[in-house]
1. Taking the options GLU177, GLU166, GLU191, name whichever one is modelled with pLDDT under 95 and assigned to a helix (DSSP H, G or I).
2. Among the residues of segment 135-181, how many are open to solvent by 10 Å² or more (accessible area, probe 1.4 Å) and touching a Lys or Arg at 6+ places or on another chain (Cβ under 8 Å)?
3. Does GLY231 count as surrounded by 21 or more Cβ atoms within 10 Å (Cβ to Cβ) and touching a residue at least 12 places away in the same chain (Cβ under 8 Å)?
4. Among the residues of segment 120-138, are any assigned to a helix (DSSP H, G or I), free of Cβ contacts under 8 Å to residues at least 40 places away in the same chain and closer than 24 Å to PRO176 by Cβ?
5. Between ALA155, ALA216, ALA210, which is hydrophobic (A, V, I, L, M, F, W, C), within 30 Å of ASN243 (Cβ to Cβ) and either in a loop (DSSP other than H, G, I, E, B) or touching a helix residue (DSSP H, G or I) at 6+ places or on another chain (Cβ under 6 Å) (or both)?
6. Scan segment 188-228 for residues that are charged (D, E, K, R), in contact with a strand residue (DSSP E or B) (Cβ under 8 Å, 6 or more places away or on another chain) and open to solvent by less than 50 Å² (accessible area, probe 1.4 Å) and jot them down.
7. Given GLY299, GLY283, GLY289, which one is of a type in the set (Gly, Ala, Ser), part of a loop (DSSP other than H, G, I, E, B) and either closer than 25 Å to ASP108 by Cα or more than 18 Å from the chain's Cα centre (by Cα) (or both)?
8. Starting from residues that are surrounded by fewer than 22 Cβ atoms within 10 Å (Cβ to Cβ) and hydrophobic (A, V, I, L, M, F, W, C), keep the ones in segment 273-302 and report whichever is farthest from LEU162 (Cα to Cα).
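The values are calculated or read from the model by the stated rules, or taken from the named source; none is laboratory data. Given the structure is predicted, the values throughout are model-derived calculations rather than measurements. Here the Cβ positions follow ideal geometry from the backbone for every residue, glycine too, while neighbour counts run over all protein chains shown. For the accessible areas, the whole protein counts, side chains as well, though only heavy atoms, and no ligand, DNA or RNA atoms are used. Shrake-Rupley method; radii C 1.70, N 1.55, O 1.52, S 1.80 Å.
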Amino acid sequence: MTKIPYCSILLLLMLLAVSCSKEISQTPAAVKDYKQQVQFLTDQRAAFEQQNDLPAFLSYYTDQAISMPEYQPALTGRAEIELFYRELFARQDVQEFHKEIEEIFPMDNTLVEIGTFRKSYYDPEVGDTLLSQYGKYWTVWEIPADGQLKIKGEAYGFFQHLDHPERLILPWEQMPENRMQADPDQQITLELKAYNSLQEKYVTSRDGPARSAFYAPDARFMPFAEPTVSGAGIRPYLVEYNNRGQITIDSIAVYTYHYEDFGEHLLEYYKFWVNWSNPDVSGKTWGKGIRLWKEQEDGALKIFRAISTHNLLP
């Protein structure tokens, strides 16, 4: 991604404001109706995974869906998603799978479902111990004209580091090519490029307060391998996070993979990579996630909801 001088970025952010905002229908009755429909579909998908019914499970995805599971590099399109879940279904004998919806956000032809899940399963390669996962998830549903909801985006992660993360990804020889590139078919807005360039700057300087300023007062953030943080708790979390260890950021990229603009809200699928070092060791972190930005009263965009997942690197 071409870097823009930070002085130009700041000027751009002052000049750019989202106009022509659309009203988003979120009446209590509308959200309740959607929640009942989505809960039924979500329960069905969980049951299909328990039953190892891959065709039925995959029938919910659109052809160009984006999937961002924890540890697994991002997948785009039903063919890549099928490759991943075929491998996962073969490895896991699911005993219990329950999802609890926490929030529903309907926006034009799109609905964002956010919640938590519990899953228990056996993996024959790991042993005869029942394995448990507890985590958070997003499902982005498309609302077509016929009313049959389809999944066009998803992300999920866990509340803790898991043992054997290599059992949750495709074999490296089957990984999609160019898995860290941006969407070649979409022109990313200068506004998003500017915000992401500023995030690169503040991650590099390890400036927790500056990073927290990207979030709306009522935001919720679902970080990698930790519980969800909300509202006023985001600032102290990011301050503490950026004070962990004597880390130097050697190089970084934060960039939009794909986005959808709904006027008052903007849905962004993003990716990032970081090369870091400390006095004793160096390493790299790659990842991705979904952010729901919300226009504030002054016209600026703030992160309203976000989930971040990491990639397991070879």
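1. Criteria check complete, one pass: GLU191.
2. 6
3. Here the answer is no, as GLY231 does not meet what is asked.
4. Checked against the condition, which is being assigned to a helix (DSSP H, G or I), free of Cβ contacts under 8 Å to residues at least 40 places away in the same chain and closer than 24 Å to PRO176 by Cβ, segment 120-138 yields no hits at all.
5. Answer to the selection: ALA210.
6. Across segment 188-228, the qualifying residues are GLU191, GLU200, ARG220.
7. Step by step, each of GLY299, GLY283, GLY289 is checked, and only GLY299 is of a type in the set (Gly, Ala, Ser), part of a loop (DSSP other than H, G, I, E, B) and either closer than 25 Å to ASP108 by Cα or more than 18 Å from the chain's Cα centre (by Cα) (or both).
8. Restricting to residues being surrounded by fewer than 22 Cβ atoms within 10 Å (Cβ to Cβ) and hydrophobic (A, V, I, L, M, F, W, C), the top hit is ALA300.
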